[in-house]
Amino acid sequence: MTASLLEDMLERTARAVETELEALLPAETGAHARVVEAMRYAALAGGKRLRPFLLLEAAALFDAPKAGALRAAVALEMVHTYSLVHDDLPAMDDDDLRRGQPTAHLKFDEATAILAGDGLLTLAFEVLAHEATHADAAVRCALVAGLARAAGIHGMVGGQMIDLAGAAAARDLEAITRLQEMKTGALIRYALDAGALLGGASAAQRQALEAYGRAIGLAFQIADDILDVEGSADDLGKRTGKDAGLGKATFVSSLGLEAARQEAATLSRNAVNRLDLFGERADSLRAVARFVVDRRV
Ligand code: GRG
């Protein structure tokens, strides 16, 4: 699959995700309307919608019903968006730019941004638990538990804690890898596993998708570290040069730019190799493995 075909597919998925987000998170009136406005501000601001794309393409490998998969994909994007809103807060990364627009706490205020993140996190589980997501309650339960695990203390929240606890900590490559497998990797791996759960994948198929997810999660983070050094705020819609400014240990600070690039390329190839058992049906996922390391946004 060519890079431009993948871009078209990503674009189409982004539109579908936004339409579903509009439906699941309509504007409201009343005394609480401001928090909904802030949730919509953060969630409808664009973004690559990479995690929803991975979930939908994994589910499509097994011909899982599309409407339920889209709901699960949007739930995952809600959790991702909450993490960005909270990460941008003054108490964490203190950022002023996200997805090319002022961060939620600057557009609204800190308390509203905290509540908007909380609202997105909790709405995600309501969406997953609804029977429209999957007819089988056991599958819905597995989807809910999996997202809680990926987003929680042994996943994203735990990774963020380690990251915040030692911005200037000396970390070796193993420690950086562990941190990033939790902070960024867990939601990416969940995207693949949710697709597998929705599609009733076999244990071998689930394992292959898990290995693919692990490899592209790390490749994605290495590319993010490289873009923080080489990218521009105009292209990325967020400030760059932050890691070095904060003295953070990253794949780039640990390996150097060239070796980081090589490592990302190796991980991308490894990811592609894990998809053999799906044949050409997994071509879009192969293209994503290349996209995550070649991307400029
Ligand atoms: C606040 C619990 C909590 C966690 C925050 C994910 C995260 C943890 C913080 C974001 C900080 C960051 C820049 C991490 C690097 C990788 C990453 C998640 C980048 C943003 O994801 P993209 O590039 O963003 O998919 P878009 O806007 O395209 O969705």
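The values are calculated or read from the model by the stated rules, or taken from the named source; none is laboratory data. Predicted model, so just to flag it, every value in this text is computed and none were measured. Heads up, the Cβs are rebuilt from the backbone with ideal geometry, glycines too, and the neighbour counts pull from every protein chain shown. With ligands, DNA and RNA removed, areas are computed over all heavy atoms of the protein, side chains included. Shrake-Rupley method; radii C 1.70, N 1.55, O 1.52, S 1.80 Å.
For the peptides 177-185, 49-57, 16-24, the ranking by mean Cβ contacts within 10 Å, running from highest to lowest, is 49-57, 177-185, 16-24. Give, to the nearest whole percent, the P(r) tail of the range 236-297 beyond 18 angstrom, counting all Cα pairs. Here the tail beyond 18 Å accounts for 51 percent of pairs. In this simple spin-label approximation, V297 and D109 carry label points 7 Å from Cα along the Cα→Cβ vector, and these lie 3.4 nm apart.
If you bin all the Cα-Cα distances of the range 1-116 at 5 Å, starting from zero, the percentages per bin are 2, 11, 20, 20, 17, 13, 9, 5, 2, 0.
Please give the residues of the range 3-44, grouped as numeric ranges, whose backbone N is less than 20 Å from a label point set 7 Å along the Cα-to-Cβ vector of R239. Flagged as within label range: 42. Descending by average beta-carbon neighbour count within 10 Å, the peptides 230-238, 37-45, 79-87, 25-33 line up as 79-87, 37-45, 230-238, 25-33, the highest first.
Taking 7 Å steps out from each Cα toward its Cβ at A3 and Q262 produces label points 2.2 nm apart.
Could you tell me the center-to-center distance, by alpha carbons, between the range 1-75 and the range 99-160 in angstrom? Taking the Cα centre of each part, the range 1-75 and the range 99-160 sit 13 Å apart. Residues in the range 3-294 average 44 Å² of solvent-accessible surface per residue, probe 1.4 Å, ligands and nucleic acids excluded. Only Cα pairs under 8 Å and 6+ residues apart enter the sum, and on that basis the relative contact order of the range 3-294 stands at 20 percent.
Counting only Cα atoms, the size of the range 52-145 along its three principal axes is 42, 22, 17 Å, in decreasing order. Counted as membrane-span-like here are DSSP H helices of the chain whose alpha-carbon atoms extend 27 Å or more along the helix's own axis and whose Kyte-Doolittle mean is -0.5 or above; these are 3-24, 66-87, 110-129, 203-230. How far apart, in nm, are two points set 7 Å out from the Cα along the Cα-to-Cβ line at R281 and at T122? The two pseudo-label positions are separated by 3.9 nm. According to the square roots a ≥ b ≥ c of the eigenvalues of the Cα gyration tensor, what is the shape class of the range 3-294, taking rounded for a/c under 1.5, prolate for a/b larger than b/c otherwise, and oblate for the remainder? It comes out oblate by the Cα gyration axes. Dividing the summed -39500 (n - 2.57) terms of all DSSP H runs of n ≥ 4 by the residue count of the chain sets its mean residue ellipticity at 222 nm at -22500 deg cm²/dmol.
Relative to the present Cα-Cα distance, how much length would full extension add between R149 and E37 at 0.36 nm per residue of separation?
37.5 nm
Restricted to Cα atoms, the range 35-96 shows a radius of gyration and a Dmax of 13.9, 43 angstrom.
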